[in-house]
Amino acid sequence: MRIDSFLNATNIVKKRSIAQDMCANNVIELNGVRAKSSKEVRVGDVITLHFLTYTKSYKILAIPTTRTTPKSLSASFVQEIIHS
């Protein structure tokens, strides 16, 4: 699954177009490397989002089979990594 579709399907971002813009502006890293929106993700990969004032990282636990998932099930697909 493409990284922009994954971020949208797991409710990390609200729209796929926002995820594409984030990739174009080098906000998203996949396993420590800046990612284009077409980059494929796999189980075990780490996605890092660099916002202006903070950074969030997520470990991929599973790939969704549908385009959208309920917010209550998002935790079964990604695990937020706490930075200390």
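Anything in the stretch 1-24 that is assigned to a loop (DSSP other than H, G, I, E, B) and either among the aromatic types (Phe, Trp, Tyr) or more than 10 Å from Thr68 (Cα to Cα) (or both)? List them, or say none. Show your work before the answer.
Narrowing the stretch 1-24 to residues assigned to a loop (DSSP other than H, G, I, E, B): 1, 10-15.
Within the stretch 1-24, Met1, Ile12, Val13, Lys14, Lys15 meet the criteria.
Output the residue which, of all residues in the stretch 36-79 that are closer than 15 Å to Ala19 by Cβ and among the basic types (Lys, Arg), is surrounded by the most Cβ atoms within 10 Å (Cβ to Cβ).
Lys39
Quick check on Gly32: is it within 15 Å of Ile81 (Cβ to Cβ) and out of contact with any strand residue (DSSP E or B) (no Cβ under 7 Å at 6 or more places or on another chain)?
Working: within 15 Å of Ile81 (Cβ to Cβ): yes; out of contact with any strand residue (DSSP E or B) (no Cβ under 7 Å at 6 or more places or on another chain): yes.
When the stated conditions are applied, Gly32 passes them.
Where the second residue is surrounded by 11 or more Cβ atoms within 10 Å (Cβ to Cβ) and among the β-branched types (Val, Ile, Thr) and the first is under 16 Å from Leu52 (Cβ atoms) and lies in the stretch 25-36, which pairs have Cβ atoms under 9 Å and are six or more apart or on separate chains?
From the stretch 25-36, the pairs are Ile28/Ile3; Ile28/Ile47; Ile28/Thr48; Glu29/Val46; Glu29/Ile47; Glu29/Thr48.
With respect to the numbered conditions (1) in contact with a helix residue (DSSP H, G or I) (Cβ under 9 Å, 6 or more places away or on another chain); (2) at pLDDT 95 or above, which one is the sole condition not fulfilled by Val33?
Condition not satisfied by Val33: (1).
Kindly indicate the residue of the stretch 51-84 that is touching a His at 6+ places or on another chain (Cβ under 9 Å) and either part of a loop (DSSP other than H, G, I, E, B) or polar (S, T, N, Q) (or both) and also nearest to Phe6 (Cα to Cα) among those meeting that condition.
Ranking the candidates gives Ser57 first.
Give the stretch 25-35 a look and list any residue that's in a strand (DSSP E or B) and surrounded by 11 or more Cβ atoms within 10 Å (Cβ to Cβ), or say none. Before the answer, list the steps.
We begin by selecting, within the stretch 25-35, every residue in a strand (DSSP E or B); these are 28-30, 33-34.
Passing the criteria: Ile28, Glu29, Leu30, Arg34.
The values are calculated or read from the model by the stated rules, or taken from the named source; none is laboratory data. What you see is a predicted model; the values in this text were computed from it and never measured. Neighbour counts run over all protein chains shown; Cβ positions are idealised from the backbone, glycine included.
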